[in-house]
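Asker: There's a structure below that I have some questions on.
The values are calculated or read from the model by the stated rules, or taken from the named source; none is laboratory data. Just so we're clear, the structure is a prediction, and the values are computed from it rather than from any experiment. All Cβ positions, even for glycine, are placed from backbone atoms using ideal geometry, and neighbour counts span all protein chains on display. Just the protein is used for accessible areas: all its heavy atoms, side chains included, with ligands, DNA and RNA removed. Shrake-Rupley method; radii C 1.70, N 1.55, O 1.52, S 1.80 Å.
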Amino acid sequence: MSSDALMPVSAESPSGAQRTFLRYYTGILIDLVVLNLFAEYWDKVYVDSFTTSLLAAIVLQLLLKATIAVEHWVAGFFKGKPGGWNTFLRFFFAWLVLFGSKFVILEAISQLFGENVHFSGIWHGIIPLIVVVVVMLVAEELIVRFYRMLGNKDDSARSVPAT
């Protein structure tokens, strides 16, 4: 029995809303795993329960996506303008948004979860938060690349004629 026999009679491509849902759902699960691994193995990250970490992962995912959207908007604002000064401003403000957002994220986590989620250490926990966020983003990117690689392999397998 081939895997094609297990597929529905007519497979429909997912809608834009379904793709967006899946993107956020996957991102939240990745963030959940990363946050819980840090909470378990690094004393600078504390989360009191799984439920709290799930809620924190949802908040982190939404705030990270908002940060990236703002960073892209800022970069786009300066991108079309000529000159070295505008290029400098584009990178400076993009860095400022990306770095400054971590303080906003830390304060949001603090306000929403109090002592139930806590990052401790250098600069009141900002460095551990940055480490966790960078690992989350790297993990998400690796999963996306793996997913795309699987799609490319599947496409090439289908294009080979049967002998």
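Asker: Could you rank I30, I105, I58 by how accessible they are, 1.4 Å probe, largest area first?
Answerer: Output order, biggest surface exposure first: I58, I30, I105.
Asker: A follow-up question, please. Be a star and scan segment 112-152 for residues whose amide nitrogen sits under 13 Å from the point 7 Å along the Cα-to-Cβ vector of L37.
Answerer: What the label zone holds, given the 13 Å backbone N cut-off, is 132-143.
Asker: Given a 1.4 angstrom probe, I'd like the percentage of the accessible area of the chain that is carbon and sulfur, rounded to a whole number.
Answerer: Heavy-atom surface of the chain belonging to carbon and sulfur, 1.4 Å probe: 67 percent.
Asker: Net charge near I58, counting Lys/Arg +1 and Asp/Glu -1 over other residues with Cβ under 13 Å of its Cβ?
Answerer: Neighbourhood net charge equals 0.
Asker: Give the label of the value calculated from the structure for Rg and Dmax of the Cα atoms in Å, choosing from (i) 20.4, 65; (ii) 22.2, 79; (iii) 14.5, 42.
Answerer: Evaluating Rg and Dmax of the Cα atoms in Å on these atoms matches (i).
Asker: Additional query: Using a 1.4 Å probe and ignoring any ligands, DNA or RNA, find the accessible area of H72 and quote it in Å² to the nearest 10.
Answerer: Taking all protein chains as shown, H72 has close to 120 Å².
Asker: As I understand it, the value is the acute angle between the Cα axis of helix 84-113 and the longest principal axis of the Cα atoms of the chain; what does it come to in degrees, rounded to 10?
Answerer: Compared with the principal axis, the helix lies near 80 degrees.
Asker: About the Cα centre, and with charges only on the beta carbon of Lys, Arg (+1) and Asp, Glu (-1), how big is the dipole of the chain? Nearest 20 debye, please.
Answerer: Here the chain has a charge dipole of around 700 debye.
Asker: A further question follows. What does the net charge come to around F119 if you take all other residues with beta carbon closer than 13 Å to its beta carbon, with K and R at +1 and D and E at -1?
Answerer: Around F119, the charge tally is -1.
Asker: For L22, what accessible surface area do you get with a 1.4 Å probe? Give it in Å², rounded to 10.
Answerer: Here the accessible area works out near 90 Å².
Asker: Using the Cα centre as the reference, give the magnitude of the dipole from point charges on the C-beta atoms of segment 52-137 (Lys, Arg: +1; Asp, Glu: -1; all else neutral), rounded to the nearest 20 debye.
Answerer: Using only the charged Cβ atoms, the result is roughly 400 debye.
Asker: Return the lysines within reach of K65: Cα separation strictly under 17 angstrom, same-chain partners fewer than 8 residues apart disregarded; answer none if there are no such residues.
Answerer: The qualifying lysines are K102.
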